[in-house]
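The values are calculated or read from the model by the stated rules, or taken from the named source; none is laboratory data. What you see is a predicted model; the values in this text were computed from it and never measured. Methodologically, a virtual Cβ is constructed for each residue, glycine included, from the backbone with ideal geometry; neighbour enumeration extends over all protein chains shown.
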């Protein structure tokens, strides 16, 4: 080991972000570096969402977690996507599934070819009929993808719903078994080197002093280190993402146990429903400028489909991101780095990305500014790309039944998102600025689901024989129907594990 290597890492804050950071550091660094996590029982964790993206599977696999053990201990269910209700217009329903709408044709999106068939046949079934994940969700079926060759049995992906507190506890056990030391206490003071400004130690309420080389801020919204010490600054995106409040409450689980998240648009925001094995998570995300907390709470409680298990928790937030997530020897991960509302379950995904980039650009005790610059660039870009995707859900709407939705329809949006919308509306093409983020099928799901129908399609699509195209789509649809019909129900899948 180099004499200049990082020898001690101090993670400030536990919860999902803290333990998702500690676990891979423990696995990667082993005994070469001491990892300490400081968390306070006096500070509650923020659990506005318990849904994830398919990338969580790769995070778990990288840790070597046993899938069945993870599902059992976190009370997880499977997630094939999100059903959107009343978005775009009241009465609307569409599904954002994890997967494409059938196989690509000549390296082009199958939706382009569906659009041609729909132009020729006004009675053409919905494009969603060719989404395996959507068919599975609507028939309440689930199985793990299998097979090496492209087929219906692997033409979909999946993520998880889980109890975030149980997941944090699960990773805490994993990390502590691999040498991470947990210290319980409230941080009252942060010490810095008088010349370099680097953080040298944190002092706790009970008098303990915890020194370190690298400090990772997982302290949540307050950003104890990144903002409290380094004044990183914050880019406020409230003008484009106006929701600033949430209430969350669990209720008894109801049947059937579905394999998707439900998002229902409301007059001043939206509500979520997340099914777990032992309960259902519910929440209402809203803008306090367009409704009161009391009214928002009533909307939430009226929408429950099971007996309430607790009192609603109130949360406040400002959507945006820190201008820098890595300053000197401090790296912010999780809510201390930024916050984008949980509409597309991206919070945990951004933690995954941040931890991965930290390991990719892991420093020595010199803390080269070039490493910090690249980390900050990647994190900032990811927040911006996710921001645009979430704004899309609000901006493209025909709802004018409330002041909130009229505001969303009229609000200015980033030029990049405006270009994406116009390109699809005019030509049926999708431009992807973030190849590692939401893909073409995801954008198609939201745009088409919200009612954006392209005026034209790729002229090369018209070169394919119409009869062959109809036969292909008919065959794919029938194959999906047979395969999904043979799958077990979502709830029964757990009985076989």
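In the stretch 412-432, what residues are part of a loop (DSSP other than H, G, I, E, B) and either over 22 Å from the mean Cα position of the chain (by Cα) or without any contact (Cβ under 8 Å) to a residue 12 or more places away in the chain (or both)? Write out each step before concluding.
Quick first cut of the stretch 412-432, residues part of a loop (DSSP other than H, G, I, E, B) only: 412-414, 428-432.
Hits for the stretch 412-432 are 412, 428, 429, 432.
Out of 11, 56, I need the residue that is within 15 Å of the chain's Cα centre (by Cα) and either modelled with pLDDT of 95 or more or surrounded by fewer than 18 Cβ atoms within 10 Å (Cβ to Cβ) (or both). Which one? It would help to see each step written out before you state the result.
Working: 11 fails: within 15 Å of the chain's Cα centre (by Cα).
The unique qualifying residue is 56.
Of (1) in contact (Cβ under 8 Å) with a residue 40 or more places away in the chain; (2) buried (at least 24 other Cβ atoms within 10 Å of the Cβ); (3) under 22 Å from the mean Cα position of the chain (by Cα); (4) under 30 Å from residue 217 (Cβ atoms), residue 327 satisfies all except one. Which?
The number of the failed condition is (3).
Considering 165, 157, which residue is closer than 26 Å to residue 346 by Cα and at pLDDT below 95?
Working: 157 fails: at pLDDT below 95.
Result of the check over 165, 157: 165.
(1) farther than 16 Å from residue 21 by Cβ; (2) free of Cβ contacts under 8 Å to residues at least 24 places away in the same chain; (3) surrounded by 15 or more Cβ atoms within 10 Å (Cβ to Cβ): which one isn't true of residue 248, the others all being true?
(2)
Per-residue answers, yes or no, for (1) buried (at least 21 other Cβ atoms within 10 Å of the Cβ); (2) modelled with pLDDT under 95; (3) in contact with a strand residue (DSSP E or B) (Cβ under 9 Å, 6 or more places away or on another chain):
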position	(1), (2), (3)
397	no, no, yes
409	no, no, no
422	no, no, no
452	no, no, no
458	no, yes, yes
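Residues of the stretch 315-326 being touching a helix residue (DSSP H, G or I) at 6+ places or on another chain (Cβ under 7 Å) and not in a loop (DSSP other than H, G, I, E, B), which ones? If you could, list the steps in order and put the result at the bottom.
Kept after step one, since they are touching a helix residue (DSSP H, G or I) at 6+ places or on another chain (Cβ under 7 Å), are these residues of the stretch 315-326: 317, 321, 324-326.
Scanning the stretch 315-326 gives 321, 326.
Return yes when residue 292 is without any contact (Cβ under 8 Å) to a residue 24 or more places away in the chain and surrounded by fewer than 23 Cβ atoms within 10 Å (Cβ to Cβ) and no when it is not.
Details: without any contact (Cβ under 8 Å) to a residue 24 or more places away in the chain: yes; surrounded by fewer than 23 Cβ atoms within 10 Å (Cβ to Cβ): yes.
When the stated conditions are applied, residue 292 passes them.
Among residues belonging to the stretch 197-226 that are in a loop (DSSP other than H, G, I, E, B) and under 24 Å from the mean Cα position of the chain (by Cα), point out the one that is surrounded by the most Cβ atoms within 10 Å (Cβ to Cβ). Talk me through it step by step, then tell me what you get.
Residues of the stretch 197-226 in a loop (DSSP other than H, G, I, E, B): 197-198, 205-208, 212-213, 218-219, 223-226.
Subset that is under 24 Å from the mean Cα position of the chain (by Cα): 218-219, 223-224, 226.
Numbers: 218: 31, 219: 28, 223: 27, 224: 21, 226: 29.
Residue satisfying both the conditions and the ranking: 218.
Please state which of the following conditions residue 468 fails to meet, knowing it meets all the rest: (1) more than 30 Å from residue 393 (Cα to Cα); (2) surrounded by 14 or more Cβ atoms within 10 Å (Cβ to Cβ).
(2)
Report yes if some residue within the stretch 108-120 is in a loop (DSSP other than H, G, I, E, B) and either crowded, with 19+ Cβ neighbours inside 10 Å or free of Cβ contacts under 8 Å to residues at least 60 places away in the same chain (or both); otherwise report no.
As a first pass, look at the stretch 108-120 and keep what is in a loop (DSSP other than H, G, I, E, B): 109.
Narrowing further to those that are either crowded, with 19+ Cβ neighbours inside 10 Å or free of Cβ contacts under 8 Å to residues at least 60 places away in the same chain (or both): 109.
Yes, because at least one residue in the stretch 108-120 is in a loop (DSSP other than H, G, I, E, B) and either crowded, with 19+ Cβ neighbours inside 10 Å or free of Cβ contacts under 8 Å to residues at least 60 places away in the same chain (or both).
Considering each residue of the stretch 180-196, count those that are exposed (fewer than 15 other Cβ atoms within 10 Å of the Cβ) and assigned to a loop (DSSP other than H, G, I, E, B), and give that number.
5
With respect to residue 476, determine if the residue is in a helix (DSSP H, G or I), in contact (Cβ under 8 Å) with a residue 12 or more places away in the chain and either over 26 Å from the mean Cα position of the chain (by Cα) or under 30 Å from residue 120 (Cα atoms) (or both).
So residue 476 passes the test.
Could you tell me which residue of the stretch 479-497 is surrounded by the fewest Cβ atoms within 10 Å (Cβ to Cβ), considering only residues that are in a helix (DSSP H, G or I) and touching a strand residue (DSSP E or B) at 6+ places or on another chain (Cβ under 7 Å)?
Initially, the stretch 479-497 is screened for residues in a helix (DSSP H, G or I), giving 479-485, 490-496.
So of that shortlist, the ones also touching a strand residue (DSSP E or B) at 6+ places or on another chain (Cβ under 7 Å) come out as 484, 490.
Values: 484: 21, 490: 23.
Filtering first and then ranking leaves 484.
Identify all residues within the stretch 84-107 that are in contact with a strand residue (DSSP E or B) (Cβ under 9 Å, 6 or more places away or on another chain), crowded, with 22+ Cβ neighbours inside 10 Å and on the phi < 0 side of the Ramachandran plot; write none if there are none.
Matches in the stretch 84-107: 84, 87, 96, 97, 98.
Residue by residue through the stretch 152-168, note down the ones that are over 11 Å from residue 80 (Cα atoms) and either in contact (Cβ under 8 Å) with a residue 12 or more places away in the chain or crowded, with 20+ Cβ neighbours inside 10 Å (or both). If you could, list the steps in order and put the result at the bottom.
Of the stretch 152-168, the ones over 11 Å from residue 80 (Cα atoms) are 152-155, 162-168.
Hits for the stretch 152-168 are 152, 153, 155, 162, 163, 164, 165, 166, 167, 168.
Given the condition outside any loop (DSSP other than H, G, I, E, B), within 24 Å of the chain's Cα centre (by Cα) and at pLDDT below 95, answer yes or no: does some residue in the stretch 349-365 qualify?
no
Suppose we keep only residues that are within 16 Å of residue 4 (Cβ to Cβ) and touching a residue at least 24 places away in the same chain (Cβ under 8 Å) within the stretch 346-370. Which one would you say is surrounded by the most Cβ atoms within 10 Å (Cβ to Cβ)?
That would be 363.
Just for the stretch 296-305: of the residues that are modelled with pLDDT of 95 or more and assigned to a loop (DSSP other than H, G, I, E, B), which one is surrounded by the fewest Cβ atoms within 10 Å (Cβ to Cβ)?
So in the stretch 296-305, the residues modelled with pLDDT of 95 or more come out as 296-304.
Those still in the list that are assigned to a loop (DSSP other than H, G, I, E, B) too: 303-304.
Working: 303: 16, 304: 18.
Result: 303.
Residues that are farther than 24 Å from residue 118 by Cα and either in contact with a helix residue (DSSP H, G or I) (Cβ under 6 Å, 6 or more places away or on another chain) or in a helix (DSSP H, G or I) (or both): does the stretch 447-461 have at least one?
Looking only at the stretch 447-461, we keep the residues that are farther than 24 Å from residue 118 by Cα, and these are none.
Checking the stretch 447-461: not a single residue is farther than 24 Å from residue 118 by Cα and either in contact with a helix residue (DSSP H, G or I) (Cβ under 6 Å, 6 or more places away or on another chain) or in a helix (DSSP H, G or I) (or both).
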